[in-house]
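The structure appears right after this line, and notes come after that.
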């Protein structure tokens, strides 16, 4: 068990890591946008449709270890893979990249954002992020998840396995991850499978975020020699022992992660890719020997800045001690959240807050049920977000978190009422946006419009707080009625 001091430091570190998270509305917006791009690539009229294109995230966005840029004027870099089922002998690196580029440029709004880079296509959105779309094809020697990727500076196909690496990373924190997902599911009355990934963060993910932020500040102005994120992430995951306390996890990782750096007989430094035999994440250390020295120096700084100094201080001074190592603005926001005082005079701007959603407006337009109500059974609702069409993949489950405009919501009613019965739905919009559009609704009870009578689909069109309610009607009587399921929608 952690000491009182250790627990207090864990709370502060957790608040710091939460401040480093990509804001939830940026995360959701990115998912919506890359789903839209994926559906454009896969459209039946696309020249790529025959290759079953699939876009999915890789790197920190997939692992849940993304950190906000040091400067609020910088952008989040979101790495995506565009997977095409093309045989290696049927294309070249250049042709593969050009095929994807042509399709992207065939839509005017995407064309205006598009620019090439060495391996990928970059979409520069006006939002605080850009997306790198990397074309890949299957690697026949590493099925089912190995891929071959483009690189304009190299003649040979490069290989990778972002799905396999993500599964390995999750396995390293499986015990704590499942505990946290089970607790969240119980609290929100959903299944473990329905828990959105972004709602649960383990100490390992938080440790990686903290290490990456410390590294970014330590190597500010010298990005070329800083340890790569994949190196830090791999070493941290190998050193993690499913500690439940964040400070204990950070201490364990920082004190032992160097043990997983190999020095092989030929004198080369190795940090092995756990899912791709023969790939060395530390290859640059062998090309530039000073890079390994920089890593060891940085690791000593981590231990001094984040472990040794805080243990010797009163809790009131810990935040001030961490600020130079993790960023004054981030630490001040985290300390303010916990009610701690720091040397900063005011809380800095740039807080990663959610967009404001208007509260529930007037509901005078909502009518009462037209049937006799005799509640004898139960009916509950669950909701799921689809960023594309009904045929696309579900993206996340609905919680109290706001959702963006222009996505689809799928509601499912579950009841213990015996057959026969029908399900009716009341959708109530509120607020200025819906009112101006003449679409407040709530004055009628609508039938299901999904694949069964228990399903109702609704688009998110109007900013504000709205609700949906399900009624189970049996022999002309309402025998079950759900609680109103509130939906908060944000957007421009």
*Check every one of the helices (runs of 4 or more DSSP H) wholly within the range 87-192 and list those with 2 or more residues that are closer than 30 Å to residue 238 by Cα and out of contact with any helix residue (DSSP H, G or I) (no Cβ under 8 Å at 6 or more places or on another chain).*
162-172, 174-188
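Quick grid of which residues meet (1) more than 30 Å from residue 382 (Cα to Cα); (2) out of contact with any strand residue (DSSP E or B) (no Cβ under 8 Å at 6 or more places or on another chain):
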residue	(1), (2)
150	yes, no
163	no, no
170	no, yes
192	no, yes
199	no, yes
203	no, yes
212	yes, yes
215	yes, yes
231	yes, yes
*Tell me which residues, restricted to the range 287-325, are surrounded by fewer than 16 Cβ atoms within 10 Å (Cβ to Cβ) and either outside the structural domain of residue 262 (by TED's automatic domain parsing) or closer than 30 Å to residue 159 by Cα (or both).*
287, 288, 289, 290, 293, 296
*Answer yes if at least one residue in the range 62-73 is part of a helix (DSSP H, G or I), touching a helix residue (DSSP H, G or I) at 6+ places or on another chain (Cβ under 8 Å) and not assigned by TED's automatic domain parsing to the domain that holds residue 328, and no otherwise.*
yes
*When the range 430-443 is examined, which residues are found to be surrounded by fewer than 16 Cβ atoms within 10 Å (Cβ to Cβ) and in contact with a strand residue (DSSP E or B) (Cβ under 8 Å, 6 or more places away or on another chain)?*
432
*Collect the residues in the range 433-468 that are under 14 Å from residue 386 (Cβ atoms) and in contact (Cβ under 8 Å) with a residue 40 or more places away in the chain, keeping them in residue-number order.*
450, 455, 456, 457, 458, 459, 460
*Report whether or not residue 124 is in contact with a strand residue (DSSP E or B) (Cβ under 7 Å, 6 or more places away or on another chain), over 23 Å from residue 148 (Cα atoms), free of Cβ contacts under 8 Å to residues at least 60 places away in the same chain and surrounded by fewer than 19 Cβ atoms within 10 Å (Cβ to Cβ).*
yes
*Candidates 60, 71, filtered to the one that is within 25 Å of the chain's Cα centre (by Cα) and touching a residue at least 12 places away in the same chain (Cβ under 8 Å)*: 60
*Mind listing whichever residues of the range 448-471 are under 19 Å from residue 366 (Cβ atoms) and not in a loop (DSSP other than H, G, I, E, B)?*
456, 458, 464, 465, 466, 467, 468, 469, 470, 471
*Conditions (1) out of contact with any helix residue (DSSP H, G or I) (no Cβ under 8 Å at 6 or more places or on another chain); (2) at pLDDT 95 or above; (3) in a strand (DSSP E or B): number failed by residue 417*: (3)
*Give the residue, chosen from 103, 156, that is more than 23 Å from residue 73 (Cβ to Cβ) and modelled with pLDDT under 95.*
156
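The values are calculated or read from the model by the stated rules, or taken from the named source; none is laboratory data. Here the structure is a predicted model, which is why all the values come from computation and not from measurement. Virtual Cβ from ideal backbone geometry, glycine too; neighbours counted across all protein chains shown.
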